[in-house]
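What follows is a short report on a single structure.
The values are calculated or read from the model by the stated rules, or taken from the named source; none is laboratory data. Because the structure is a prediction, the values reported are computed rather than measured. Virtual Cβ from ideal backbone geometry, glycine too; neighbours counted across all protein chains shown. For the accessible areas, the whole protein counts, side chains as well, though only heavy atoms, and no ligand, DNA or RNA atoms are used. Shrake-Rupley method; radii C 1.70, N 1.55, O 1.52, S 1.80 Å.
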Amino acid sequence: MIIDTLIRYKTRLSIVLLWIVVCILTSEALIVYKGEIVSEWPDQNFSSGLGKTRSSENGMGFYPNPSGKVYALTFLVDFSDQPALFTVDEVRDWLNQPGFNRDGCNGSVRDYFLDVSNGKVDLKNEVFGYYRAMHPKSYYESGPGYSKASELVDEVMAYFDNVVDFSRYDNSGDGKTESISIVYAGNAEVWGQGIWPHAGWMDQTRDATKLTRYMMTNLADKFHLYLFVHEIGHMIFGWPDLYWFGDYCVMGNRINDRNPVAVNDFFRADQGWIDVTDLTNANDAVLYADVEGAGFTYFNPTNPLEGFFWSNINNSGRWSALKGGGILVYHFDLSKKRNSGPDNLCLRVVQADNTQSLTDEKWPKPGSNASHFFYSTHNDKFTTQSTPNSQWYDRTAHLNIYNIGPKGDRIHFTFKNTPSTETAYLPVATVTVQHESCGSSDGKIHFTFSNRPDRTNIRFSKDGGVAFDLNAALKDGSATFNNLAPGVYNIWARWGNGDFPVKLGDYTVKADPVPDLEVAVTDATTQDDADGKIEFTFSAVQGNRTHISFSKDNGQSYPLTVELSQTRASFDNLYAGKYDLWARWGNTECPLSLGVHSIDVQSSTSLLPAEYALTSKRVTSSLGTISYALPHDSKVSAAIYTLSGKQIWSSQAEMRSAGHHTMQIPSPCTSTLYLLVFRAGNIVLRERLLVAH
């Protein structure tokens, strides 16, 4: 009893802990556009920024960049089942008061943007509330999607329409508001549904002003900054979520709720919050990167939306949560618009240690590491030939920075503008895959490549660049990984001397199983009776195969072919004798010997069982068969029960003659142990049923 109670307690505790982990891992905010979750604002266009001077003090112009005093609206909402825990004045202080430190906050929301913008954005939130929503909070948290959030937005706008002049919050004079926030009391409950924190879109006009973007977030029992600041990033500045980016931006990981990390320096330079020096067409020089000083950018000559940006980061102040400092390099390609996958990032950190660890997980980890930064005693160069190297996504390369100095408030580096091409540096190979055949782990990944006068050997890795264990001479023109088991292989190549490791892609070797089946034999009555039987049972799903064929003459002929969906087949009307059984797929591939099976003849006295019995049971996760013996003609049926007594399957009663028989039963896949009840006439047999997974 004590042990059983302890098990139930641990189970409940595990469920609670799992729920907590899920909440933590999914506590990201979203952009919702016309009811759909999106990764960036569909109405946002980056081409408008290309006419600006790239080193302008007003920024690079890729994203919207309001500046000066920005007047914002914040509406407070509570519910009949979730009353407010804070007064309007307390919320106003949280958003605007200099030096606000309640609950450990590092300043107010206004302080945050003044800090990270170097005083160029003064976000002043004017607070109105509370509005008591028409329905309980539980109503708005129900689905589908964000339809209930739209209801709440409409309620709030209508309620405050008579007391708010919305035209006052058109800061840029373009006839649209920039910042409307709705903050509701209580916890955020259901991810991606109801009123889960998000930046959203409404299409309303009030006071001759268009209301478009808004954001909605919650305020539980403590003040925090991350969510509000993050959603402001979506709403006002149009920044996307930076997944696979680590802790290097408030639009990335949720590293600290009350002292969120700063906005990344590329976004800051784009806004004009820090200066930026464009080196795309610059002459070679020795330059200096200062903490909170200018960043540097270098554009791809053939793609004006792609480039590298780097600056000097020191883990202090708003950056204090980072685990290191030095030169941090970003690779941006805004034609991608968002970070939609580890291999499709609009903005990524170029890791000086070349581990690519930041792309291992989407969110909320990994975070940051001192090895990600460039500095003299770690990795002091980022060039067309270094590791990592400065290649563009089209695999050409031009940028060279080297002789990077030690970590500190000022770091020197040498810049050299030397164009290069893919043919000069990077290994190139064509990759083809041969899938496994007949379960033999004989898959292949084959490479073809051209000879080059400046290189002799090329190496390949199938484990993400950990081991380059396939070495080939370029003059041979090809190389192959042989005897590969089914699976996904992360293929890389590099030159024989270790230069220029490059990922060629993820390639899948598909599985091809041999036939998997069971054989059962029914003996003949006499030597002269052709009533023997060989029965096959099999799973309906076996790789991508559709048909299976059977032979009883050592594979000389395969007269029996059926669809796998039938799950059973048989050779009927057989005489006593030995049968050499084989199976293969319907297209003749993967022949498999099933061994020699005998149909015997028994004497009349020994043919009939002496008693009712369950002679065998075999149940897997996909198929089940029981064998039974009847001393007399009987009406038989079977049923399966859980150990708690709940019936989960039963057969119809059918008349069977005396003798040995089999019955196919379904496989109960949710557990491993059940109770089988078999009835034959007035006889009831009960046995435990073990499912082999």
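What whole-number value in Å² describes the accessible area per residue of the chain for a 1.4 Å probe? Don't jump to the answer; show the numbers that get you there.
Values: 31040 Å² over 693 residues.
Value for the chain: 45 Å² per residue.
Could you sort the peptides 378-386, 325-333 by per-residue average Cβ neighbour count (10 Å cutoff), highest mean leading?
Details: 378-386: 19.4, 325-333: 23.0.
Ranking the peptides 378-386, 325-333 by packing returns 325-333, 378-386.
Of the heavy-atom accessible surface of the chain (probe 1.4 angstrom), what whole percent is carbon and sulfur? Display every interim value, and only then the final one.
Details: 15270 of 31040 Å².
Of all accessible area on the chain, carbon and sulfur atoms account for 49 percent.
Shown for the chain are the DSSP H helices of 18 Å or more along their axis, judged by Cα atoms, with a mean Kyte-Doolittle hydropathy of at least 0.0: 2-25, 147-160. Taking amide H positions as modeled 1.01 Å from N, with prolines and chain starts lacking one, the residues under 5 Å from Gln204 and 5 or more places away or on another chain are Leu211. The simple Förster model, with R0 at 51 Å and r as the Cβ-Cβ distance, assigns Asp290 and Leu685 a FRET efficiency of 0.05. Overall dimensions of the range 138-251, expressed as equivalent-ellipsoid semi-axes from the Cα gyration tensor (√(5λ), whole Å, largest first), are 23, 19, 13. With Cα atoms as the point set, the chain shows a radius of gyration and Dmax of 35.0, 105 Å.
Give the whole-number value, in cubic angstrom per residue, of the convex hull volume spanned by the C-alpha atoms of the range 69-156.
Working: hull volume 10.7 nm³, N = 88.
Residue-normalised Cα hull volume stands at 122 Å³.
Would you work out which of Val163, Gly68, Asn312 lies farthest towards the positive end of the dipole of the chain? Charges go on Cβ: Lys and Arg +1, Asp and Glu -1. Most positive-ward Cα: Asn312. Amide H to amide H distances under 5 Å link Met251 with Asn264, where only residues 5 or more positions off or on other chains count and H is placed in the peptide plane. Computed over the range 223-340, the alpha-carbon pair-distance distribution with 10 angstrom bins reads 13, 43, 34, 9, 1, 0, each value a whole percent. Take the convex hull of the alpha carbons in the range 315-444; its mean projected area over all directions comes to 11.5 nm². Put simply, the Cα atoms of the range 479-521 extend 64, 16, 11 Å along their principal axes, the longest span coming first. Taken over the range 480-615, the convex hull of the Cα atoms encloses 161 Å³ per residue. All C-alpha pair distances within the range 542-693, sorted into 5 Å bins from zero, spread as 2, 8, 14, 15, 16, 15, 15, 10, 4, 1, 0 percent across the bins.
Can you give the direction-averaged projected area of the convex hull of the alpha-carbon atoms in the range 186-247, in nm²? Before the final figure, lay out the partial values.
Values: hull surface 23.2 nm².
Dividing the Cα hull surface by four gives the mean projection, 5.8 nm².
What FRET efficiency comes out for the pair Asp122/Arg410, r = Cβ-Cβ distance, R0 = 30 Å, nearest 0.05?
0.55
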